[in-house]
Each structure stands twice: as structure tokens, then as C-alpha cells.
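Below: one structure, written as C-alpha cells.
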Amino acid sequence: MNLYQIEGRSQLESKAAQLTQTVRDGKRINEVGQSFSQSIFGALPERLLNKPSWIIVADGALLNGIPFAVLPEPPHYGPGRFLAEKHSIRLLPSELLLLSPSAKRPVQRFVGVADPIYNRADSRFKHEQGWDTAPVEASSVTLARLAGSGQEIRSSAKESGLPNQQILDGPQASAQNLRQALASPPELLHFAVHVVSPPNRPQEAALALSLNKDGVPELLTPEAIATFRLPGTLVVLSGCSSSQGKTVPSAGLLGLSRAWLLAGAEAVIASSWPTPDDSGRFFSLFYSHLRAATIGTLSQRASLALAQTQMELQHGSGYTSSPSYWGAYSIISKE
């Protein structure tokens, strides 16, 4: 073990907040990015900095939500390239997860949850028997339809190349159907749904599924997620700010991603801020790269595929080339 002294907490928190906001706003991060990268990684010797696979233990509020893939290399080590150009990066919410036993490879199956019914104005709502006469209950959750999420799931399933695929959308995107689909752990589980959270309680964020017969969205909470048994599964949460959580001393980051890891998932891909509801170009590329990766564990292959996807988009054109788009996604692993 090598120890290196870095700046104090207050200085780093200030730089981290400025960096994240700059990336989210789509502005150039040259100066603020190099300053933060130098503060965190500047003392590393070249032999460590050049290692292609990185695991970062983000055990603390300081590193919660930092878009590491967007960071440039420390100025005195390279020409300012993004870290994702040379490294596959996995985040570890707590060192305790390193003690988790290895899981057997799950069934080669893709399960996708997308385009739930979120309001009674949705034409699909009244077609479900009994829903059009059900009483309306007041709900504090008002959500717009994710029109592009259905295409995202279908293109992702196709690019995954897995022989067995199951899509839960519209009225099928319910907790009961999901539990039945996960009775046999799939290799890939992808959610393209809204993420809702009580104010100032990110650890209570939940995945919003379709309305129940009372006209209220079903919420898949961290407590409910932790009851699943998904050894070895890769979970993808493309919903907005799905990596949010609360950091607890000695326990690490608590939230949706941690709940899936507690359920046995190999790794979780989540976003640090809201991302656009498009046709799923990001994840079509990701699954294509994941299918081509053949060496390493599922989480290692996923981290490599994520870095390749981010750099392919960065070298492209249009809004998807901006770090504000591709930099939102990171992989949280337990190994």
C-alpha cells in the first residue's frame, strides 16, 4: 500500500462541485478538470497512472457523483486526454464489498423494463381491464412518459446478442411481473424508467414502474430491491441521477446502486445527473462493445465497454459528443 497526501477536504469539495457543475452545463473543463485531476492523482507514480484498469473506492461524500471518465490526466503525465481514453474505471462504494463471494455466471438472458404507464392520459391506461373505473387516489408523483425508452430497451436487447430476451413495458412494467422475470437471474437487467426521490433524501430514491389500479406509480425502493437474488447480474439504470445516494461512515454509499449490489448484482451502471430521453444510442453502443469483450469478469468487461462507448461518442458529433451526455454514466462494482 502506498499513501499520498492530497489537499484538504474543503478545497477538494469545492473543486469537485465546480467540476461536476461545469460538465453538466456542457462547458469546457480544461482548467477546472486539470486542477481537480492534479489534486487527486498528481502524486501517483507513472507506473500506477499507466495501469489500464482502475478501481476507485468512493467511500465518502467527497467523491460521490464525480464524473471520473471526464477527468483529464494530470498535466505533468500526459497531453490532457480524458482518463476514459486509457483506463476502464470501476467505482467501489465500500471496501467491505471486496469480501463478497464470487458468483456463478447467470443465465444468458436480457430483461428490460421500459416505457411504464405514468398517467391516466396515456392511451394504454384505459385498455387494461378495471383501470378505467378505478378510483383516483392523490399522488405526489407526477411523471411524464419516457417515449424513447421503449426503443432504447429494444435496441439494447438486440445489441446484447443474448439468445433469451424479455421486455416489460407499458402495463407489464409492474413489480409483480418483474419479480417473476427475475426468478431466474439474468445476465443483463436494464431499466429505462424514471428515478424519483424525496427531497434531501437521496438514499430513498426509487425506480418508478407503471401505475397500479389506483392510478399511483409503483415504486421499487432500495428495501424492495435488496430482497431480490441476482448473483452475477449486470444491472443498468439509465434513469436520471440513478447513482445518487447518501454516504454513511464505514458503510459507504447507500442508494439504488448499493441495493442492487446487496441483491447480488456483479455491477451497476448508473447516471450522476439527468440525461435526455432519446432512442438509446449510448446503450446500443455499450452493448455492442460488451458483446465484443471476451476477457475478464462481467464487471471488467462492462467497465471496458463503458470506456469504449464514452470515447466513441466523444469523438463523434452532435449533442452526444459532449461530456455532459456521456460523462454522466459510471459503473459501480463490488470487485
From the list 317, 299, which one is among the polar types (S, T, N, Q), over 18 Å from the mean Cα position of the chain (by Cα) and either in a helix (DSSP H, G or I) or over 23 Å from residue 147 (Cα atoms) (or both)?
317
Inspect the stretch 292-302 for any residue being closer than 18 Å to residue 332 by Cα and of a type in the set (A, V, I, L, M) and give the result as yes or no.
yes
Would you kindly identify the strands (runs of 3 or more DSSP E) lying entirely within the stretch 190-239 that contain at least 3 residues that are under 17 Å from residue 332 (Cβ atoms)?
234-237
Kindly indicate whether residue 192 is modelled with pLDDT under 90 and open to solvent by less than 10 Å² (accessible area, probe 1.4 Å).
no
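Okay, residues lined up against (1) open to solvent by less than 70 Å² (accessible area, probe 1.4 Å); (2) outside any loop (DSSP other than H, G, I, E, B); (3) on the phi < 0 side of the Ramachandran plot:
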{"site": "4", "(1), (2), (3)": "no, no, yes"}
{"site": "12", "(1), (2), (3)": "yes, yes, yes"}
{"site": "22", "(1), (2), (3)": "yes, yes, yes"}
{"site": "33", "(1), (2), (3)": "yes, yes, yes"}
{"site": "37", "(1), (2), (3)": "yes, yes, yes"}
{"site": "43", "(1), (2), (3)": "yes, no, yes"}
{"site": "48", "(1), (2), (3)": "yes, yes, yes"}
Consider the stretch 280-296. How many of its residues are open to solvent by less than 50 Å² (accessible area, probe 1.4 Å) and more than 14 Å from residue 159 (Cβ to Cβ)?
1
Restricting to the stretch 86-141, count the residues that are modelled with pLDDT of 80 or more, in contact with a helix residue (DSSP H, G or I) (Cβ under 8 Å, 6 or more places away or on another chain) and not basic (Lys, Arg).
11
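Okay, residues lined up against (1) modelled with pLDDT of 90 or more; (2) crowded, with 17+ Cβ neighbours inside 10 Å:
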| residue | (1), (2) |
| --- | --- |
| 261 | yes, yes |
| 277 | no, yes |
| 311 | yes, yes |
| 318 | no, no |
Which pairs do you get when a residue that is closer than 15 Å to residue 54 by Cα, found in the stretch 306-335, comes within reach of a residue that is of a type in the set (D, E, K, R), reach meaning Cβ atoms under 6 angstrom, with the pair 6+ apart or on two chains?
331/90; 333/90
Only one residue in 260, 273 is closer than 30 Å to residue 196 by Cβ, of a type outside the set (Gly, Ala, Ser) and assigned to a loop (DSSP other than H, G, I, E, B), so which one is that?
273
Any residue in the stretch 160-189 that's charged (D, E, K, R): show its pairings with residues that are part of a loop (DSSP other than H, G, I, E, B) at Cβ separation under 7 Å, as long as the two are six or more apart or on different chains.
187/106; 187/162; 187/233
All positions within the stretch 156-189 that are crowded, with 18+ Cβ neighbours inside 10 Å and part of a helix (DSSP H, G or I)
156, 157, 159, 160, 178, 181
Scan the stretch 255-281 and report the pairs whose first residue is touching a residue at least 60 places away in the same chain (Cβ under 8 Å) and of a type in the set (Phe, Trp, Tyr) and whose second residue is assigned to a loop (DSSP other than H, G, I, E, B) and open to solvent by less than 10 Å² (accessible area, probe 1.4 Å), with Cβ atoms within less than 6 Å and a gap of 6+ or a chain change.
273/328
Search the stretch 320-335 for residues being part of a helix (DSSP H, G or I) and farther than 22 Å from residue 56 by Cα, and hand back the single one that is most open to solvent (accessible area, probe 1.4 Å).
321
Could you list all residues from the stretch 170-211 that are acidic (Asp, Glu) and closer than 25 Å to residue 273 by Cβ?
204
Residues of the stretch 200-214 being surrounded by fewer than 18 Cβ atoms within 10 Å (Cβ to Cβ) and at pLDDT 80 or above, in sequence order, are 212
Tally, over the stretch 225-240, of residues that are more than 15 Å from residue 186 (Cα to Cα) and open to solvent by 30 Å² or more (accessible area, probe 1.4 Å):
3
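The values are calculated or read from the model by the stated rules, or taken from the named source; none is laboratory data. Bear in mind the structure is a predicted one, so any value in this text is a computation, not a measurement. All Cβ positions, glycine included, derive from the backbone under ideal geometry; neighbour counts span all protein chains shown. The area values use the complete protein model at the heavy-atom level, side chains included, leaving out ligands, DNA and RNA. Shrake-Rupley method; radii C 1.70, N 1.55, O 1.52, S 1.80 Å.
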